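The next block holds one structure in the form of structure tokens; read it before the comments.
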């Protein structure tokens with residue numbers, strides 16, 4: 001929290017300068033530390049899940065780009081992967097978008 005001198009003068013009516021009688025600063029610090037740890041764990045898990053879901057698509061795209069870079073003769077991505085695998089990759093993308101949209105609502 002900002003010190004009172006850093007609070008804009010129009011917000012003084014919302015700033016309580018007297019602490020509650022049962023306020024424990026150590027408890028407050030502990031709650032903040034625990035919240036930060038939980039948030040960091042959540043973000044790591046979310047990133048790990050995203051990487052696992054997207055990994056196959058990124059890997060397939062990387063193989064395709066390396067093939068082109070090495071002089072591969074198939075510049076058509078459908079010919080490179082085949083119709084069924086390309087449809088699978090596009091389906092994964094579509095399902096992920098649907099899931100993300102469903103979570104927003």
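Every read-out reported here was derived from the displayed coordinates using simple, explicitly stated rules and does not represent laboratory data. In this text, all values refer to a predicted model and were calculated from it rather than measured experimentally. Every residue, glycine as well, gets a Cβ built from its backbone with ideal geometry; the counts of neighbours run over all protein chains shown.
With everything on Cα atoms, drop me the angle between helix 83-104 and the longest principal axis of the chain, reported from 0 to 90° to the nearest 10. It works out to around 20 degrees.
The fewest-to-most ranking of 98, 89 by surrounding Cβ atoms within 10 Å reads 98, 89.
Sum -39500 (n - 2.57) across every DSSP H segment of at least 4 residues in the chain, then divide by the residue count to get the 222 nm mean residue ellipticity, nearest 500. Don't jump to the answer; show the numbers that get you there.
Details: 3 runs with 72 residues, N = 105.
Result for the chain, helices only: -24000 deg cm²/dmol.
Placing one equal scatterer on every Cα of the chain and applying the Debye formula, the log10 ratio I(q)/I(0) at q = 0.09, 0.10 Å⁻¹ is -0.55, -0.61. A crude spin-label estimate for the pair residue 78 and residue 103, with each label 7 Å from Cα along the Cβ direction, gives 3.2 nm.
Just order 59-67, 34-42 by mean Cβ neighbour count inside 10 Å, highest at the front, would you?
Final packing ranking: 59-67, 34-42.
Figure legend: label point modelled 7 angstrom from the Cα of residue 20 along Cα→Cβ; residues of the range 31-59 with amide N under 20 Å from it are 31-36. Residue separation of residue 42 and residue 57 scaled by 0.36 nm, minus their Cα-Cα distance, works out to 3.0 nm of gained length.
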